[in-house]
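A short write-up of the structure that comes next.
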Ligand code: PEP
Ligand code: MN
């Protein structure tokens with residue numbers, strides 16, 4: 001394999017490329033980014049990698065979730081806290097359900113860049129570049145704001161830093177303190193049998209927490225706080241390259257080993273390659289094969305099983321267990337057709353990845369009036385099928401990957417609150433794909449916990 005460097009991706013064909021007209025502006029922004037400190041450290045990145053190794057081996061579960069497109073405006077106290085609390089509550093339910101530790105990864109502090117199916121779109125009769133994410137261009141529907149602006153890359157760094165700073169500060173100050181009462185808000189659940197089922201789960205979780213507190217096994221084991229790792233799609237390679245640094249690998253204290261050096265993408269703990277940019281000879285795969293971080297790859301119906309194995313060979317030649325998370329997103333109607341062959345090919349290859357189900361991206365649909373939505377029943381169905389298919393194949397479904405928000409939005413149809421297509425207009429605030437609201441997301445955790453308990 002040819003030599004790798006943080007810029008070797010530039011020699012490969014690239015999809016979803018951004019063309020900056022302001023070449024000097026781009027140069028200035030990248031030079032600035034290159035000088036700024038890493039956002040995360042090798043110690044944290046390797047801690048996540050070890051956790052994901054446990055997931056790959058069936059000893060833990062991973063919950064990944066957050067917005068489809070994060071905006072710079074989401075960098076505020078309320079929204080960060082709401083997301084953290086939701087992920088925490090969901091993880092407690094899943095710990096109880098799967099009876100395993102749950103690793104939490106948020107799509108936060110950098111989930112700005114978006115791949116688009118078309119480079120342009122027509123808004124109010126005017127054709128203009130599509131919105132590519134807050135780190136690339138502005139959402140406002142005018143051709144000027146839609147021009148890629150390189151200074152947004154620097155802005156992305158500072159918004160990531162501010163978000164991460166508040167995330168770290170609030171976690172270390174007890175936001176995730178499991179002794180403080182959590183609001184489980186089940187008031188919206190109308191069907192008595194469902195309400196009873198969820199209430200039972202909440203009671204079981206609360207009892208377990210109280211028990212640990214009473215016998216004192218929570219204090220010294222870090223139960224007063226929780227780890228939340230960060231992630232985003234590694235789409236903007238100009239940006240990722242500047243934050244990829246040659247750093248010393250962490251060594252186990254007392255091991256006597258001397259640490260070598262490795263390239264760490266320090267923009268977040270975990271990066272993934274999207275379904276549209278995972279071509280074998282392409283720029284994104286080239287960039288990803290050189291970084292020491294745990295990485296994700298989105299896979300869908302267009303991925304051939306042989307290609308999947310070739311891809312794993314390229315990005316993980318040393319076959320590190322759990323280094324790669326395969327994030328499958330086929331859609332409820334297609335998963336049964338595609339997942340079994342993907343599992344079989346990977347099993348035959350000897351690679352041991354984390355298998356994660358993204359039940360969102362294969363289940364998009366439009367209402368008759370053209371609103372993009374997803375149905376709760378499809379999301380649940382894909383998750384349930386994923387679990388069953390993995391079980392039948394002797395494989396472990398290690399986690400789920402969701403688009404969600406801590407706010408009471410109305411973007412996905414269904415759930416115990418009974419949101420209908422007619423109700424979507426009420427609080428439809430996403431700038432990209434429709435997300436589960438806080439109640440729907442928690443409900444999904446209850447139901448998935450129930451599958452594991454079956
Ligand atoms: C996403 O996760 O928001 C996304 C664009 O996913 P995919 O690459 O699977 O389409
Ligand atoms: Mn999305």
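List of remarks:
- Restricted to strands (runs of 3 or more DSSP E) entirely inside segment 96-202, those with at least 3 residues that are closer than 30 Å to residue 61 by Cα are 102-107.
- Considering each residue of segment 361-378 in turn, at least one proves to be touching a helix residue (DSSP H, G or I) at 6+ places or on another chain (Cβ under 9 Å), within 16 Å of ligand 1 (Cβ to nearest atom) and assigned to a loop (DSSP other than H, G, I, E, B).
- Scanning segment 101-137 for residues that are touching a helix residue (DSSP H, G or I) at 6+ places or on another chain (Cβ under 8 Å) and away from ligand 2 (no atom under 16 Å from the Cβ) yields a count of 6.
- Just one of (1) surrounded by 15 or more Cβ atoms within 10 Å (Cβ to Cβ); (2) more than 16 Å from ligand 1 (Cβ to nearest atom) fails for residue 57. It is (1).
- Pair list, Cβ under 9 Å, 6 or more apart: segment 425-449 residue within 13 Å of residue 90 (Cα to Cα), other residue part of a helix (DSSP H, G or I) and within 15 Å of ligand 2 (Cβ to nearest atom): 436/379; 440/379; 444/379
- Residue, nearest to ligand 2 (Cβ to nearest atom), within segment 417-433, restricted to residues that are in a loop (DSSP other than H, G, I, E, B) and surrounded by 16 or more Cβ atoms within 10 Å (Cβ to Cβ): 433
- Whichever residue in segment 63-95 is within 16 Å of ligand 1 (Cβ to nearest atom) and part of a loop (DSSP other than H, G, I, E, B) and, among such residues, is surrounded by the most Cβ atoms within 10 Å (Cβ to Cβ): 70
- Residues (touching a helix residue (DSSP H, G or I) at 6+ places or on another chain (Cβ under 9 Å), surrounded by fewer than 21 Cβ atoms within 10 Å (Cβ to Cβ) and part of a helix (DSSP H, G or I)) located in segment 385-396: 385, 387, 388, 390, 392
- The set of residues in segment 122-138 being at negative phi and within 16 Å of ligand 1 (Cβ to nearest atom) consists of 130, 131, 132, 134, 135, 136.
- In the set (1) within 16 Å of ligand 2 (Cβ to nearest atom); (2) buried (at least 24 other Cβ atoms within 10 Å of the Cβ), the condition left unmet by residue 324 is number (1).
- Close pairs (7 angstrom Cβ cut-off, 6 or more residues apart or separate chains): modelled with pLDDT of 95 or more in segment 162-184, in a helix (DSSP H, G or I) and surrounded by fewer than 18 Cβ atoms within 10 Å (Cβ to Cβ) anywhere: 166/77
- So residue 382, is it free of Cβ contacts under 8 Å to residues at least 24 places away in the same chain, assigned to a helix (DSSP H, G or I) and either over 18 Å from the mean Cα position of the chain (by Cα) or within 21 Å of residue 98 (Cα to Cα) (or both): no
- Residue within segment 300-310 that is within 20 Å of the chain's Cα centre (by Cα), within 16 Å of ligand 2 (Cβ to nearest atom), more than 17 Å from residue 113 (Cβ to Cβ) and surrounded by fewer than 23 Cβ atoms within 10 Å (Cβ to Cβ) present: yes
- Every condition in (1) within 16 Å of ligand 2 (Cβ to nearest atom); (2) not in a loop (DSSP other than H, G, I, E, B) is met by residue 411 except one, and the failing one is (2).
- Options 436, 442: the member that is within 16 Å of ligand 1 (Cβ to nearest atom), within 19 Å of the chain's Cα centre (by Cα) and buried (at least 19 other Cβ atoms within 10 Å of the Cβ): 436
- Every condition in (1) modelled with pLDDT of 95 or more; (2) surrounded by fewer than 21 Cβ atoms within 10 Å (Cβ to Cβ) is met by residue 254 except one, and the failing one is (1).
- Residue list for segment 317-360, restricted to those being away from ligand 1 (no atom under 16 Å from the Cβ) and part of a helix (DSSP H, G or I): 336, 337, 340, 341, 343, 344, 345, 346, 347, 348, 349
- Hey, residue 405 within 16 Å of ligand 1 (Cβ to nearest atom) and out of contact with any helix residue (DSSP H, G or I) (no Cβ under 6 Å at 6 or more places or on another chain) or not: yes
- Residue pairs meeting the criteria (Cβ under 9 Å; at least 6 apart or on separate chains; first without any contact (Cβ under 8 Å) to a residue 40 or more places away in the chain, in segment 354-378; second part of a strand (DSSP E or B) and within 16 Å of ligand 1 (Cβ to nearest atom)): 363/374; 365/372; 365/373; 365/374; 366/372; 366/373; 375/365
- As a summary of the residue check, residue 340 satisfies the conditions (1) over 20 Å from residue 428 (Cα atoms); (2) within 16 Å of ligand 2 (Cβ to nearest atom); (3) touching a helix residue (DSSP H, G or I) at 6+ places or on another chain (Cβ under 7 Å) except for the one numbered (2).
- Only one of 43, 11 that is farther than 30 Å from residue 253 by Cα and more than 16 Å from ligand 1 (Cβ to nearest atom): 11
The values are calculated or read from the model by the stated rules, or taken from the named source; none is laboratory data. These numbers were taken from a predicted model, which means no experiment stands behind them. Cβ atoms come from the backbone with ideal geometry, glycine included; neighbour counts cover every protein chain shown.
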